[in-house]
Amino acid sequence: MSAGPAGGTGAAAGLDATAGRPDGDPSPGWDGAERAAGLRRLAVATLDGNWEHDHTVPSRTLYPHQWSWDSAFIAVGLAHVRPERAWRELRTLFAAQWADGRVPHIVFNPALRVGSYFPGPEFWDSARADGAPASSTSGIVQPPVHAAAAWLIHRRAPSEASVRALRWLYPRLVAQQRYLTGRRDVGGAGLACLVHPWESGLDNSPAWDAPMAGVPADAAVMRAYRRHDTAHADAAHRPTDLDYARYVAIVASYREGRYGDDGLAGRHPFLVECPLLNAALGVAEQALARIAAVVGADPGPHRERAARITATLVDRLYDPTTGTFHPRDLRTDRLIPARTVLGLMPLILPDLPARQVRAVLTEACSPRFGLASRMDRPLPTHDRTAPDFEPLRYWRGPSWLNTSWLLWRGLLTHRRPDLAAGLRESMLGLVARSGCHEYFHPDTGAGLGSPAFSWTASLALDALAEG
Ligand code: 9WN
């Protein structure tokens, strides 16, 4: 393996970065400084346009509230251009943290009219749950990428203000971890489980087809609701009405128990351990160890927990016969066979054992995902060779910048500058050609979904700066 990633920042540029970059200038090597500057202008304008007094909306049309993991990705990009806003983004999100430590996947903006998103605050009805915050939120979570984001922001420009921000965030990030590894350890092995496909962030991934098939629901239920997404995006690209009926049924079941986690194993219709959510959990402990050292807390327990999470992830979610990671369906206690981009995500773990690093790289570079130092097509979200690969439908094939960015950070961590450079070039090329779209056609690179999507803008900024 090569000695360090392009740009020479070594393992420092992974999600557990140990050193920041000295400046915010885009890499002059990226296809000409002018092109990089144009991209940067577009990204900043997109983020500014989506700023909403104390947070950034993922998209003004499709997603007009605040989303949890979006905010973490957004903050990473904002750190390069609007550092104060990066901290504000995280503070606003964590101000809506529940008493049990869960960070809700949506924080609703009370100023918006009823019906501006489905399912909205009236559907989630968080006010009836114990320990919910004063603001209306959803009751489920998303992958905990926030501690890593906070660390990247601080490393980007360490200052008194960033140390203050870390001090405020640290106990909240610890509580978030405690919730996920405590109440959400339904399998009892030390990993967190998803109670809804939305918690994965890759909502409609083929990985969820098998567990979703067991959720009793009837598409006709959706006649009682008004879907907001299909009014703003092509219905053929979005989940079906039957998918939505199941999404709604799973929320209804969780809401019935007021979002309590006791006894989930016996009563909840969807329980899955996900490689991405748990890899994020491990990286969060690595980041917390570094943050602890800055705020005067003990990094030791975080390091120990990080090592345990990685070992358990390998033990429970790695399949030596396929050579990749798979989600585990806790209702059947079986690995889900679909080979999706989720299987590559544990590469973000700096302590992933060499055998699994090799396996993930082999999988990523196979025709299934096409990772290469010169990529001819963008990284898809599902195995291109699978019969259920769909180039247009949500998370079932198209390319998203966040999954590419996570893999890119993993490649930097594991010192593969050749592959990291190829992926970065592919990511930036997509945005330069098609704009800050929500996602991209995995063959042509055409922009799909929302045209002014925040994390596409922010992660492009981050990739530009780390070149
Ligand atoms: C449901 C906001 C979110 C992202 C998810 C993405 C999509 C919502 C939806 O948009 O999910 O949470 O309505 O489809 O799948 O990853 O956080 O951008």
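Is it the case that the stretch 303-310 has a residue that's within 16 Å of the ligand (Cβ to nearest atom), out of contact with any strand residue (DSSP E or B) (no Cβ under 7 Å at 6 or more places or on another chain), assigned to a helix (DSSP H, G or I) and small (Gly, Ala, Ser)?
Here is the first cut: in the stretch 303-310, the ones within 16 Å of the ligand (Cβ to nearest atom) are none.
No, the stretch 303-310 contains no residue that is within 16 Å of the ligand (Cβ to nearest atom), out of contact with any strand residue (DSSP E or B) (no Cβ under 7 Å at 6 or more places or on another chain), assigned to a helix (DSSP H, G or I) and small (Gly, Ala, Ser).
Checking residue 371 against (1) closer than 17 Å to residue 345 by Cβ; (2) away from the ligand (no atom under 16 Å from the Cβ); (3) open to solvent by less than 30 Å² (accessible area, probe 1.4 Å); (4) assigned to a helix (DSSP H, G or I), which test does it fail?
(4)
With the structure loaded, tell me whether residue 379 is under 18 Å from the mean Cα position of the chain (by Cα), open to solvent by less than 10 Å² (accessible area, probe 1.4 Å), of a type in the set (A, V, I, L, M, F, W, C) and over 27 Å from residue 314 (Cβ atoms) or whether it fails that test. Before the answer, list the steps.
Details: under 18 Å from the mean Cα position of the chain (by Cα): yes; open to solvent by less than 10 Å² (accessible area, probe 1.4 Å): yes; of a type in the set (A, V, I, L, M, F, W, C): yes; over 27 Å from residue 314 (Cβ atoms): no.
No: the conditions fail for residue 379.
So that you can scan it fast, the table gives a plain yes or no per residue for (1) within 16 Å of the ligand (Cβ to nearest atom); (2) of a type in the set (S, T, N, Q); (3) part of a helix (DSSP H, G or I); (4) touching a residue at least 40 places away in the same chain (Cβ under 8 Å):
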| site | (1), (2), (3), (4) |
| --- | --- |
| 134 | no, no, no, no |
| 140 | yes, no, no, yes |
| 150 | no, no, yes, yes |
| 163 | no, no, yes, yes |
| 167 | no, no, yes, yes |
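Looking at the stretch 257-273, can you tell me whether even one residue there is within 30 Å of residue 316 (Cβ to Cβ), in a helix (DSSP H, G or I) and not aliphatic (A, V, I, L, M)? Walk me through how you get there before you give the answer.
Initially, the stretch 257-273 is screened for residues within 30 Å of residue 316 (Cβ to Cβ), giving 257-273.
Next, only the ones that are in a helix (DSSP H, G or I) stay: 264-267.
If we keep only those that are not aliphatic (A, V, I, L, M) too, we end up with 266-267.
Yes.
May I ask you to say which residue of 219, 224, 245 is open to solvent by 30 Å² or more (accessible area, probe 1.4 Å), on the phi < 0 side of the Ramachandran plot, free of Cβ contacts under 8 Å to residues at least 60 places away in the same chain and touching an Asp or Glu at 6+ places or on another chain (Cβ under 7 Å)?
Being open to solvent by 30 Å² or more (accessible area, probe 1.4 Å), on the phi < 0 side of the Ramachandran plot, free of Cβ contacts under 8 Å to residues at least 60 places away in the same chain and touching an Asp or Glu at 6+ places or on another chain (Cβ under 7 Å) holds for just one of 219, 224, 245, which is 219.
Out of 236, 213, I need the residue that is modelled with pLDDT under 90 and more than 12 Å from the ligand (Cβ to nearest atom). Which one?
Values: 213 fails: modelled with pLDDT under 90.
One residue alone meets the criteria, 236.
Kindly check whether there is at least one residue in the stretch 92-113 that is touching a His at 6+ places or on another chain (Cβ under 9 Å), open to solvent by less than 30 Å² (accessible area, probe 1.4 Å) and more than 14 Å from the ligand (Cβ to nearest atom).
So far as the stretch 92-113 goes, yes, one or more of its residues are touching a His at 6+ places or on another chain (Cβ under 9 Å), open to solvent by less than 30 Å² (accessible area, probe 1.4 Å) and more than 14 Å from the ligand (Cβ to nearest atom).
Return the only residue of 426, 458, 450, 404 being farther than 17 Å from residue 373 by Cβ and either open to solvent by 30 Å² or more (accessible area, probe 1.4 Å) or part of a helix (DSSP H, G or I) (or both). Reasoning before the result, please.
Working: 426 fails: farther than 17 Å from residue 373 by Cβ; 450 fails: either open to solvent by 30 Å² or more (accessible area, probe 1.4 Å) or part of a helix (DSSP H, G or I) (or both); 404 fails: farther than 17 Å from residue 373 by Cβ.
One residue alone meets the criteria, 458.
If I go through the stretch 429-447 residue by residue, how many of them are open to solvent by 10 Å² or more (accessible area, probe 1.4 Å) and either at pLDDT below 95 or assigned to a helix (DSSP H, G or I) (or both)?
Residues of the stretch 429-447 open to solvent by 10 Å² or more (accessible area, probe 1.4 Å): 432-435, 437, 441, 443-444, 446-447.
Of the ones still in play, those that are also either at pLDDT below 95 or assigned to a helix (DSSP H, G or I) (or both) are 432-434.
Total meeting the criteria: 3.
Checking the structure you have, find out if any residue of the stretch 178-185 is surrounded by fewer than 21 Cβ atoms within 10 Å (Cβ to Cβ), within 28 Å of residue 94 (Cα to Cα) and touching a strand residue (DSSP E or B) at 6+ places or on another chain (Cβ under 8 Å).
Yes, the stretch 178-185 contains a residue that is surrounded by fewer than 21 Cβ atoms within 10 Å (Cβ to Cβ), within 28 Å of residue 94 (Cα to Cα) and touching a strand residue (DSSP E or B) at 6+ places or on another chain (Cβ under 8 Å).
The values are calculated or read from the model by the stated rules, or taken from the named source; none is laboratory data. All figures in this text were calculated on a predicted structure; none of them were measured in a lab. Cβ coordinates were reconstructed from backbone atoms using ideal geometry, including for glycine residues, and neighbour counts include every protein chain displayed. SASA here: full protein model, heavy atoms, side chains in, ligands and nucleic acids out. Shrake-Rupley method; radii C 1.70, N 1.55, O 1.52, S 1.80 Å.
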